[in-house]
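What follows is a short report on a single structure.
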Amino acid sequence: MKSNLIRTFMSVHFQLIGAFFLLLSSGSCHSESSKIDWEVLNRFPVFSAEEDFQRLVSAWPKNQGAKAFLSKNNEKELRVLLPIDRTAWVPQLGTYDQRVLFRSDNRVRLMWHGQGDCHWKLGEKELTALCGSSVVFPVKLNEKISVSVSDDAGESVSEVIEIKPKLIVAMGDSFASGEGSPDYAAVWRDARIGGNWFLKGRNSKGTLISSARWWDDSCHRSLISWPALFALQEAISNRRGVIQFASFACSGAEVIDGFYLAQQNPPGYYQDFWRGDVPQPENQVRKSYVRNGHGRDGTPGDYVRLSQINALVSLLCQGQVIQGERQFPYEGESIRVDECTKNNLRKVDLLLLAFGGNDVHFASVVKHSIFPDSVRSGLLKKLRGEALQLARWFAEMKSPTEAAESIDLLEGLYGMMDEDLRKLNVSSSKVNALVYPDPLPTIQTDQCTDRIRSGNMALTTLVGKFGSNNMKFGLNKGSVEDVRSNFIFKLRNKQMSLFSPEMLKWQGVPAQIGFDGDAVRTWCAVTPDCYAGQCDVTNLFAWKDGWRDDLGYLNNTKYWSGYSPGRGRGMRTANDAMLIGARQPMNHNYEWVLGTAHPTETVHAGIAEWLSLKYHKALCVDALCNDQIISKAPKADDAI
């Protein structure tokens, strides 16, 4: 039944997506030439500067979504287009500058095709300009203002314009933060790839031109994540509105350690852990805005500034924030949950959520499918066994059966979250929660096993190769079915049950749509040209001097592209994660490991486009474009 729904969805979804963006990008559903054409110049005020948003508009393919944008712009172009140092996010405070994100004053560009000169009047302001050229007026949010224009031929038109903002908030873990897809991918100089090349100190000085960077380094939060891409394409398409977007998602976040408590040791913590005393070039040093402190049990560590729920309270409260507390049912302790005086809260239009994956060890269980079960006997068996245990610890790996025992906890955890979100006037219907995907191949072939084994050469090299086949991190056929049947199916079914109208009434967001959209993007997938012997280099898994597969190997960094439309797989291998997420010094900084087994940018874009198709009715500014295609879009749970 579900598979039929998926196929039905696919046929409808990709026929409609182009029409959908064409409809929205027109800015109005009216086509009459007599209408005044107008648009807000900065429709994404998380960008501090209007010119940054306009630069993105110019680079965004007309009438298309996030996939087309990422296909057109590679990692070098994204370094120009994504202004991660000029946004409303204030890392020192762990929140957003509300004067920027919620600014009332906006600039609006208007145009009308009359004859000769056009004489404009907007409120009390008047201006004359050549007809067909644009004029710019200041307009405040939520203010209805009359605009009129006449030409030298005596024709005139008038209408009332109003800029309506929509607030989209994202919260969650690495699947919401964009782990594995940094805003600024690592940039490489031409260099030979092979063996343990990235661990050699001399490569730190010449091979890596620019380290990977994130919108928020501490949390590995990226604008190349499905919540941010969704918000961006809404801002691009809806020319007469403003999309206020705030994300608090943090890689590694759990419901307790993240949503309710300031997250301990986020990814940015590792920069100091691995850096040691190695001197850093001034332009490569990353500022860390985690704070030092102690956990509830007195454990010292580094923490993000605020828990995600308290960061949300700070964002929404227009009164005074006061410290509150709620009882934590599992340990009988109270935890801090802030409140807002007089319940003076901003309205959230959509809340995009991805929590629960780390609570049940989702990424760690997926990695279980590539780990060897044992080591080869012989003189080095003990040493190999210790290396294998080190690798398991480093990857925080869990067995499917062990992790599945945590799945039943989600009902209580989600229930707590729903209760506290409703206290902030975020109704259940506004919550859009991610249903985690099944990225593993359905058909387990030797080719797939070899590709993933060769694609994880970086991880193998990092933890120690030892010359043993059992230390190769390839697809373990027995583990794949174990992971799927004993964990992934149970997790997805539990989530769908909890999100249903009979339970939490949350809207399910099927992450699987990113893997099964325009192509099947499993962990070892390639594009069709590979089977014709013309495989694009971005599909290659192996490195030279590593293990080989059926596709050949990548032997030089000059052929690598972090963001490429030609890549078929939907999950990053360790080799991918290293090449896209490397930071100086390469032989001391291993944060890139966290990007292994996380979705590619294409998967994030696919989820973002699905959301736009489903929810544009709620976000469309023009009343006439509400019902033209939304009736054909499936519900979230239909597509799972």
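Has segment 587-610 got any residue that is at pLDDT below 65 and either β-branched (Val, Ile, Thr) or closer than 30 Å to ARG189 by Cβ (or both)? Full working, then the answer.
Taking segment 587-610 as the starting set, the residues that turn out to be at pLDDT below 65 are 587.
Imposing the further condition that a residue be either β-branched (Val, Ile, Thr) or closer than 30 Å to ARG189 by Cβ (or both) reduces the set to 587.
Within segment 587-610 (the criterion being at pLDDT below 65 and either β-branched (Val, Ile, Thr) or closer than 30 Å to ARG189 by Cβ (or both)), the answer is yes, since at least one residue qualifies.
Could you grab me the full set of residues in segment 500-514 that are under 21 Å from the mean Cα position of the chain (by Cα) and open to solvent by less than 50 Å² (accessible area, probe 1.4 Å)?
Filtering segment 500-514 down to residues under 21 Å from the mean Cα position of the chain (by Cα) leaves 506-514.
The answer is TRP506, GLY508, VAL509, PRO510, ALA511, GLN512, ILE513, GLY514.
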remark   = Filter segment 285-318 for residues that are of a type in the set (Lys, Arg) and open to solvent by 50 Å² or more (accessible area, probe 1.4 Å); the one that is modelled with the highest pLDDT is ARG305
inquiry  = Can you find a residue that is surrounded by fewer than 23 Cβ atoms within 10 Å (Cβ to Cβ) and modelled with pLDDT under 90 anywhere in segment 567-574?
reply    = no
message = I'm checking my understanding of the structure. Among residues of segment 353-372 that are modelled with pLDDT of 85 or more and of a type in the set (A, V, I, L, M, F, W, C), which one is nearest to ALA574 (Cα to Cα)?
response = PHE362
query = What is the residue count in segment 529-568 for residues that are within 22 Å of ASN74 (Cα to Cα) and either without any contact (Cβ under 8 Å) to a residue 60 or more places away in the chain or assigned to a helix (DSSP H, G or I) (or both)?
reply = 15
inquiry  = Looking only at segment 236-277, filter to residues that are modelled with pLDDT under 50 and over 18 Å from GLY581 (Cβ atoms); which one of those is nearest to the chain's Cα centre (by Cα)?
reply    = GLY276
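Given LYS558, LYS614, which one is of a type outside the set (A, V, I, L, M, F, W, C), farther than 21 Å from GLY474 by Cβ, within 23 Å of the chain's Cα centre (by Cα) and open to solvent by 30 Å² or more (accessible area, probe 1.4 Å)? Outline the logic, then answer.
Details: LYS558 fails: within 23 Å of the chain's Cα centre (by Cα).
From the options LYS558, LYS614, the qualifying one is LYS614.
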Filtered residues of segment 51-94 (kept if of a type in the set (Phe, Trp, Tyr) and in contact with a strand residue (DSSP E or B) (Cβ under 9 Å, 6 or more places away or on another chain)) = PHE53, TRP89
query = Among the candidates SER406, SER377, SER454, which residue alone is of a type in the set (Ser, Thr, Tyr), at pLDDT 70 or above and in a loop (DSSP other than H, G, I, E, B)?
reply = SER406
key: Filter result (open to solvent by 10 Å² or more (accessible area, probe 1.4 Å) and within 14 Å of GLY178 (Cα to Cα)) within segment 575-587   = GLY581
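For (1) assigned to a strand (DSSP E or B); (2) out of contact with any Gly (no Cβ under 9 Å at 6 or more places or on another chain), each residue gets a yes or a no:
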site: ALA433; (1), (2): yes, no
site: ILE443; (1), (2): no, yes
site: THR461; (1), (2): no, no
site: SER479; (1), (2): no, yes
site: PHE489; (1), (2): no, yes
site: LEU498; (1), (2): no, no
site: PRO501; (1), (2): no, yes
site: ALA519; (1), (2): no, no
site: CYS524; (1), (2): no, no
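The values are calculated or read from the model by the stated rules, or taken from the named source; none is laboratory data. Note that the structure is a prediction, hence the values are computed from the model and not measured. Counting neighbours? That spans all protein chains shown, and the Cβs are built from the backbone with ideal geometry, glycine included. All accessible areas refer to the heavy atoms of the entire protein, side chains included, with ligands and DNA or RNA removed. Shrake-Rupley method; radii C 1.70, N 1.55, O 1.52, S 1.80 Å.
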